[in-house]
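All of the numbers you see were taken from the coordinates with simple rules; none came from a lab. This one's a predicted model, so the numbers in the text were calculated from it and none came from an experiment. We place every Cβ from the backbone using ideal geometry, glycine too, and count neighbours over all the protein chains shown.
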Amino acid sequence: MSESPLVSHIYTADPSAHVFNDRIYVYPSHDRDTGVSDNDNGDQYDMVDYHVFSMDDVGSEVTDHGAVLKLEEIPWAEKQLWAPDAAERNGKYYLFFPARSHDGLFRIGVALSDKPEGPFAAEPEPIAGSYSIDPAVLVDGQDAFLYFGGLWGGQLQHYNGNLHDPAREEPTGDSPAINPRVARLSDDMKSIVGEVQEMEILDEQGQPLRADDHNRRFFEAPWVHKRGDTYYLSYSTGNTHYLVYATSKSPTGPFIYGGRIMEPVVGWTTHQSIVEHRGRWFLFHHDSSLSGGRNSLRCMKAKEIFYDEAGHILPVKV
Ligand code: FUB
């Protein structure tokens, strides 16, 4: 059974959900109909602002707090406001977002507010050392980690370590798959401390997932949540359209592949967040059901998820 969209007055995607002050806040992309045909570069995802949504609980009325950050307010960004995330630290709220800058490369920016619902004011420059797309931030005690990365239109295959190498393509065969990146954030959340690291995602034998293992290898939408002393890295496998997860006892990994969370939905992309609210766990994700299957016009949804006694996430029904 496919649940209802959380909102249907605008198209929304890539929902990053957080609980602030016991209320659920969701930070999605805001899809719009641009008339651009679908291609592997993702040109059809040409978004120009972000809205914030909130609700008392999953299933209760959803408030649209309006456009809280617009492309024209971000000096360094040229186009494509893709999947954002938000975090709270020391009473301030931070919206992390990717955008394509004027040189054609995606970078990640940060915008600040005193309130979870914004509006947010963007820093004048992207975060130094950031690249690619799909930022997700975990505040873990005194530490904050920025996870990011996405293949194809998200450009991650064109990086060798942290250096842009346009000739580099997605590996094939038994080469190790490309993995998301992680970096420690400074106390003011505006910069990366130390080196950006490539994460490790290993199979049950402790071997890196192979590049040709398209059913399990990372593609985009990294998200890390913590349950007990276990860190769960969830992500999309992209061209095979699964949501999967891996676990670790460290926020930076290595992560061991754990299984599938969700089967493919209507639409090409799939992108998730997982959050605890009042002792229950929820998966926020999107599909293209609201637009009758148009890949770039998506709608966010939420459903409760469950774990078994060993901590495995039980697959959800689509
Ligand atoms: O919304 C644009 C892109 O589509 C996101 O950044 C990806 O994760 C995919 O959902």
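Within the range 39-48, is even one residue away from the ligand (no atom under 16 Å from the Cβ) and either of a type outside the set (A, V, I, L, M, F, W, C) or buried (at least 16 other Cβ atoms within 10 Å of the Cβ) (or both)? Don't jump to the end; show me each part of the working.
Going through the range 39-48, the residues away from the ligand (no atom under 16 Å from the Cβ) turn out to be none.
Checking the range 39-48: not a single residue is away from the ligand (no atom under 16 Å from the Cβ) and either of a type outside the set (A, V, I, L, M, F, W, C) or buried (at least 16 other Cβ atoms within 10 Å of the Cβ) (or both).
Check the range 21-36 and report whether any residue there is surrounded by 14 or more Cβ atoms within 10 Å (Cβ to Cβ) and on the phi > 0 side of the Ramachandran plot. If you could, list the steps in order and put the result at the bottom.
Step one: of the range 21-36, the residues surrounded by 14 or more Cβ atoms within 10 Å (Cβ to Cβ) are 23-32, 34.
Now narrow it down to the ones that are on the phi > 0 side of the Ramachandran plot: none.
Looking for residues that are surrounded by 14 or more Cβ atoms within 10 Å (Cβ to Cβ) and on the phi > 0 side of the Ramachandran plot, one finds none in the range 21-36, hence no.
Being more than 22 Å from V26 (Cα to Cα) and within 15 Å of the ligand (Cβ to nearest atom) narrows it down to one residue among A128, A77, A136, A83; which is it?
Numbers: A128 fails: within 15 Å of the ligand (Cβ to nearest atom); A136 fails: more than 22 Å from V26 (Cα to Cα); A83 fails: more than 22 Å from V26 (Cα to Cα).
On inspection, the qualifying residue turns out to be A77.
Got a sec? Which of G311, G238, G279, G292 is of a type outside the set (S, T, N, Q) and buried (at least 17 other Cβ atoms within 10 Å of the Cβ)?
Details: G311 fails: buried (at least 17 other Cβ atoms within 10 Å of the Cβ); G279 fails: buried (at least 17 other Cβ atoms within 10 Å of the Cβ); G292 fails: buried (at least 17 other Cβ atoms within 10 Å of the Cβ).
Every option except G238 fails the conditions.
For the structure I just gave you, tell me whether V52 is part of a strand (DSSP E or B), touching a Pro at 6+ places or on another chain (Cβ under 7 Å) and either acidic (D, E) or surrounded by 13 or more Cβ atoms within 10 Å (Cβ to Cβ) (or both). Break it down stepwise before answering.
Values: part of a strand (DSSP E or B): yes; touching a Pro at 6+ places or on another chain (Cβ under 7 Å): no; either acidic (D, E) or surrounded by 13 or more Cβ atoms within 10 Å (Cβ to Cβ) (or both): yes.
It is false that V52 is part of a strand (DSSP E or B), touching a Pro at 6+ places or on another chain (Cβ under 7 Å) and either acidic (D, E) or surrounded by 13 or more Cβ atoms within 10 Å (Cβ to Cβ) (or both).
Report yes if L185 is within 16 Å of the ligand (Cβ to nearest atom) and surrounded by 15 or more Cβ atoms within 10 Å (Cβ to Cβ), otherwise no. Walk me through how you get there before you give the answer.
Numbers: within 16 Å of the ligand (Cβ to nearest atom): no; surrounded by 15 or more Cβ atoms within 10 Å (Cβ to Cβ): yes.
No: the conditions fail for L185.
Can you name the condition, by its number, that P5 falls short on among (1) assigned to a loop (DSSP other than H, G, I, E, B); (2) within 16 Å of the ligand (Cβ to nearest atom); (3) more than 16 Å from S291 (Cα to Cα)?
Looking at each condition in turn, P5 falls short on (3).
Which one is nearest to the ligand (Cβ to nearest atom), of the residues in the range 86-124 that are in contact with a His (Cβ under 8 Å, 6 or more places away or on another chain) and closer than 24 Å to V275 by Cβ? It would help to see each step written out before you state the result.
Pass one, the range 86-124, residues in contact with a His (Cβ under 8 Å, 6 or more places away or on another chain): 86-88, 105, 116-118.
Still in the running and closer than 24 Å to V275 by Cβ: 86-88, 116-118.
Working: A86: 15, A87: 18, E88: 22, P116: 21, E117: 21, G118: 19 Å.
Out of the qualifying residues, it is A86.
Within the range 207-239, track down each residue that is over 14 Å from N179 (Cβ atoms) and away from the ligand (no atom under 16 Å from the Cβ).
D212, H214, N215, H225, K226, R227, G228, D229, T230, Y231, Y232
Scanning for something at positive phi, crowded, with 20+ Cβ neighbours inside 10 Å, in contact (Cβ under 8 Å) with a residue 12 or more places away in the chain and more than 15 Å from the ligand (Cβ to nearest atom), does the range 254-274 turn up at least one residue? Break it down into steps so the answer makes sense when it comes.
To start, the set of residues in the range 254-274 that are at positive phi comprises 259, 267.
Subsequent filtering for residues that are crowded, with 20+ Cβ neighbours inside 10 Å retains 267.
Imposing the further condition that a residue be in contact (Cβ under 8 Å) with a residue 12 or more places away in the chain reduces the set to 267.
Still in the list and also more than 15 Å from the ligand (Cβ to nearest atom): none.
No, every residue in the range 254-274 fails to be at positive phi, crowded, with 20+ Cβ neighbours inside 10 Å, in contact (Cβ under 8 Å) with a residue 12 or more places away in the chain and more than 15 Å from the ligand (Cβ to nearest atom).
Which members of the range 76-132 meet the condition of being among the acidic types (D, E), more than 20 Å from F20 (Cα to Cα) and touching a residue at least 40 places away in the same chain (Cβ under 8 Å)?
Start the filter on the range 76-132 by keeping residues that are among the acidic types (D, E), which leaves 78, 85, 88, 103, 114, 117, 123, 125.
Going one step further and asking which of them are more than 20 Å from F20 (Cα to Cα), we end up with 78, 103, 123, 125.
Correct list: E123, E125.
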